[in-house]
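Structure in structure tokens, see below.
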Amino acid sequence: MPLISSFFGILIYMFKEINSPHKKPHVHAVFAGDRMSIAADGEILAGKLPHKQLKYVEAWVALREDEINASWIALNENSEVIKIKGLEG
């Protein structure tokens with residue numbers, strides 16, 4: 001599962017999914033043992049994060065929706081990993 005971004009101790013992963021249960025572009029956020037999946041449109045698909053980190057991830061997704069969608073296409077069609085800036089940069 002490629003790491004595509006990180007900020008404030010939150011790791012953001014995306015991986016190629018064949019027959020994905022979510023069926024839409026999404027990322028996996030990990031913070032201190034908590035995990036969640038969130039779609040590029042901001043819908044929480046599974047899991048949970050502490051409130052503060054959830055708000056950071058939601059803000060990041062809102063700012064980077066187009067980049068998340070582009071990364072999803074690149075990874076699933078060409079196996080190309082595209083890094084995305086975090087909130088810090």
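With a point put 7 Å past each Cα toward its Cβ, work out how far LEU11 is from GLU77 in nm, to one decimal.
Going from the LEU11 label point to the GLU77 one covers 2.9 nm.
Something else now. Using a 1.4 angstrom probe and counting only protein chains, how large is the accessible area of PHE31 in Å², to 10?
About 50 Å², rounded to the nearest 10.
A further question on this structure: Helix 51-78 against the longest principal axis of the chain: what's the angle in degrees, Cα atoms only, rounded to the nearest 10?
That helix lies at roughly 10 degrees to the long axis.
May I ask for the Rg/Rh ratio of the chain, computed from Cα atoms with Rh as the Kirkwood radius, given to two decimals? Before the final figure, lay out each step's value.
Values: Rg = 11.8 Å, Rh = 12.8 Å.
Rounded to two decimals, Rg/Rh equals 0.92.
Of the GluC sites (Glu not before Pro) in region 26-89, which ones lie in a loop per DSSP and count no more than 16 other C-beta atoms within 10 Å? Write down the numbers at each step before the final one.
Numbers: sites: GLU43, GLU58, GLU65, GLU67, GLU77, GLU80, GLU88; in loops: GLU43, GLU80, GLU88.
Loop-located and lightly packed - GLU43, GLU80, GLU88.
Using DSSP, restrict attention to beta bridges with both residues in region 4-54 and report what percent are antiparallel, rounded to the nearest 5. If you can, show how the numbers build up before the last one.
Working: 15 of 15 bridges.
Within region 4-54, antiparallel bridges account for around 100 percent of the total.
If you don't mind, there's one more thing I want to ask. Given a 1.4 Å probe and heavy atoms of the protein chains only, how would you sort ASP34, ASP41, largest accessible area at the top?
Working: ASP34 50, ASP41 95 Å².
The ordering from most to least exposed comes out as ASP41, ASP34.
The values are calculated or read from the model by the stated rules, or taken from the named source; none is laboratory data. Since the structure is predicted, the reported quantities are computational estimates derived from the model, not experimental observations. Virtual Cβ from ideal backbone geometry, glycine too; neighbours counted across all protein chains shown. The protein model used for the area step is the full one, side chains on, heavy atoms only, and it has no ligands, DNA or RNA in it. Shrake-Rupley method; radii C 1.70, N 1.55, O 1.52, S 1.80 Å.
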